[in-house]
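Visitor: Input: one structure, supplied below.
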Amino acid sequence: MGDAQVICNLRVWGMVAHLIADWLLQNDWMAVNKKNLTHEFIMSSKVFAAMVLDENVSMVFLGPFGFRSGRDINKFEKAAFKMGNTGSPIVTENTLSTIEANVIDNIDLGTHTIFVGDVVKSEVLKEGTPLTYKHYHEHLKGKTPPNAPSFKG
């Protein structure tokens, strides 16, 4: 599990996109719901960053990134971050490693878009155990947000 980040129009945005640790590390793409503000910013900026989060992350930290809209709150108000090479914000708090990518293609899936990225930088920030979707559900008792690809309302 990790979060996808992008900066656009001088505003910093981000969201939790489940399966980043499980999926993005083995592939060079991710899917984002078209309703998410992050989708709009990735489409216009043509860049994204993904963070592999530590499994010791709290639900308090995850909450703004996964369950609140950037249209309503500043998700980075209380999170430590730095600006990456692509201009994407890189969350440094609770983060094991980061990946920055330029979007080289996108695939419309109806409700979601798959963003195919060319990785331009990756960095290991610290050692630890990556947060997986299984750990998120079983140990943190996290729920699947309605805009997630795996949501089964």
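Visitor: Given the residues Asn27, Asn74, which is the only one that is over 12 Å from the mean Cα position of the chain (by Cα), modelled with pLDDT under 85, closer than 17 Å to Asp118 by Cα and not in a strand (DSSP E or B)?
Guide: Testing whether each residue is over 12 Å from the mean Cα position of the chain (by Cα), modelled with pLDDT under 85, closer than 17 Å to Asp118 by Cα and not in a strand (DSSP E or B) leaves just Asn27.
Visitor: Looking at segment 100-153, which of the residues that are assigned to a loop (DSSP other than H, G, I, E, B), over 16 Å from the mean Cα position of the chain (by Cα) and closer than 15 Å to Ala31 by Cα is modelled with the lowest pLDDT?
Guide: Phe151
Visitor: Where residues in segment 106-130 are surrounded by 12 or more Cβ atoms within 10 Å (Cβ to Cβ) and of a type in the set (A, V, I, L, M, F, W, C), which of them is farthest from Asp54 (Cα to Cα)?
Guide: That would be Leu109.
Visitor: Here's something else I'd like to know. For residues that are of a type in the set (A, V, I, L, M) and in contact (Cβ under 8 Å) with a residue 60 or more places away in the chain, scanning just segment 50-78, find the one that is surrounded by the most Cβ atoms within 10 Å (Cβ to Cβ).
Guide: It comes out as Leu53.
Visitor: Continuing with the same structure: Considering segment 79-105 alone, what residues qualify as being of a type in the set (D, E, K, R) and exposed (fewer than 14 other Cβ atoms within 10 Å of the Cβ)?
Guide: The answer is Lys82, Asp105.
The values are calculated or read from the model by the stated rules, or taken from the named source; none is laboratory data. Because the structure is predicted, anything quoted here is derived from the model rather than measured. Neighbour counts run over all protein chains shown; Cβ positions are idealised from the backbone, glycine included.
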